[in-house]
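*Asks:* Please see the structure below; I have some questions.
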Amino acid sequence: MLAERDVTHITTNRGAQIFRIPLNGLEDFWVFAYLVVVEDMLVLIDTGTNYHTSNQDLIKGLTSAGELLGRPLGFADLTHIFITHGHIDHYAGLAFVAPQTRALIGVHEYDYPIIVNYHERKERVVRRLAHFLVEAGVKPARIPEILNMYMITKGLFESCRIDFTFGEVGMRVGPFEFFHVPGHSAGAVAIRLHDVIFVGDHVLSDITPHQAPESFTLNTGLTHYLESLRSFAAWAGSPSIVLGGHNAPITDLGTRISEIIQEHFTRLENILDMISEQPRTTLEISKTLFGQVAGYNILLALEEAGAHVEYLYRLGFISIENIEEVRSSSEPVRLLYRSLRNKEELGNVFKKH
Ligand SMILES: [Zn+2]
Ligand SMILES: [Zn+2]
């Protein structure tokens, strides 16, 4: 485990140097940034949380990479910064790094507004989240507390400049090739350099990457995510190593993708099982899937359950039991879901999605 906390050095099959830099982004929450030396480019992939010791860990990482290369390295030496996706643990460090460098900063266009128009987007999402929590069956008295938790984590960042989007440069910069993988985030990308792929949080070892309903943000949600996993598998082929934003590197990508798809299918089957006898809310489904959770994990579990419920609803596997109540109210009401189709039919549909 100690190695997970040290800077790790990897060389691609065509001689590019990669340094994996672990950042302690929240109390014992680790995220990786990557420093890449290739041709005349010095590239930073992701920037950490701008919180806890993330910024200091990033400086330490550059220093130890510089020692290994035999030349001092600082933010001023960077030529590019690529952001794998618009989640705060990957881009918030821009607030610290961007003012210290003239590096060109790039992100996918679908996550561009998250970074450059940060406060406006936060206000819109928090309203959709409030609506979702009512429909999920969270008691009204508890909703302000959950929304507050959401707003506090989002207080770590201010809007930041972005110099280009991956789409407008043809999904290529020098030897780097970008591939759009919407789902976990709307503008998530995988980045290929030689025989190595940087994958952000699209595919992770040990955990299935977090999913939230598309009703919060277009181009997220489980339908997009599963489509992206399949298109990504075809694009990626058999890389030597896949480097994620968290957890250990992946060496058998095909197996890991199959495991993730299977885990989502099992969750969808479990939901159909639990509502076949008795209609349930998303909150009840979340508790059955993930047990009792506390703090920010309450929101994460609800979003994850909500993404699976949304998938089933979208494909006509479940419907709303209390639709009369919905019809007679001008405000959002708690939704109770019941199943319409069975697990065998889900298996047939799931193979195509
Ligand atoms: Zn993420
Ligand atoms: Zn992450």
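The values are calculated or read from the model by the stated rules, or taken from the named source; none is laboratory data. The shown structure was predicted, so the numbers you read here are calculated from the model rather than taken from an experiment. All Cβ positions, glycine included, derive from the backbone under ideal geometry; neighbour counts span all protein chains shown. These area figures cover heavy atoms from the full protein model, side chains too; ligands, DNA and RNA do not enter into them. Shrake-Rupley method; radii C 1.70, N 1.55, O 1.52, S 1.80 Å.
*Asks:* If you put +1 on each Lys and Arg Cβ and -1 on each Asp and Glu Cβ, how big is the dipole of segment 55-185 around its Cα centre, in Debye rounded to 20?
*Replies:* 340
*Asks:* Which lysines, if any, have their Cα less than 29 Å from the Cα of Lys351, not counting same-chain residues under 8 positions apart?
*Replies:* Straight-line reach from Lys351, under 29 Å: Lys287, Lys343.
*Asks:* For the chain, what does the accessible surface come to per residue with a 1.4 Å probe? Please give it in Å².
*Replies:* 43
*Asks:* So, one more: In segment 4-97, what percent of the accessible surface is made up of carbon and sulfur (1.4 Å probe, ligands and nucleic acids excluded)?
*Replies:* Of the solvent-accessible surface of segment 4-97, carbon and sulfur hold 51 percent.
*Asks:* Let me ask something else. Can you give the calculated 222 nm mean residue ellipticity of the chain, where each DSSP H run of n ≥ 4 adds -39,500 (n - 2.57) and the sum is split over every residue, rounded to the nearest 500 deg cm²/dmol? Provide the component values of the computation, followed by the final result.
*Replies:* On the way: 12 runs with 143 residues, N = 353.
Only helices count here, giving -12500 deg cm²/dmol.
*Asks:* In addition: For the chain, what is the convex hull (Cα atoms) projected area averaged across all directions, in square nanometres?
*Replies:* That works out to 17.8 nm².
*Asks:* Determine the order of Phe317, Phe179 by accessible area, beginning with the largest, at a probe radius of 1.4 Å.
*Replies:* Order by accessible area, largest first: Phe179, Phe317.
*Asks:* What percent does the relative contact order of the chain come to when contacts are Cα pairs within less than 8 Å and at least six residues apart?
*Replies:* 13
*Asks:* Roughly to the nearest percent, how much of the accessible area of segment 239-353 is carbon and sulfur, given a 1.4 Å probe?
*Replies:* 48
*Asks:* May I pose another question? Take the alpha carbon gyration tensor of segment 272-350, find the square roots of its eigenvalues, order them as a ≥ b ≥ c, and report rounded if a/c is under 1.5; if not, report prolate when a/b exceeds b/c, else oblate.
*Replies:* Oblate.
*Asks:* Hey, what did segment 262-352 get for relative contact order, percent, Cα under 8 Å, at least 6 apart?
*Replies:* Answer for segment 262-352 is 36 percent.
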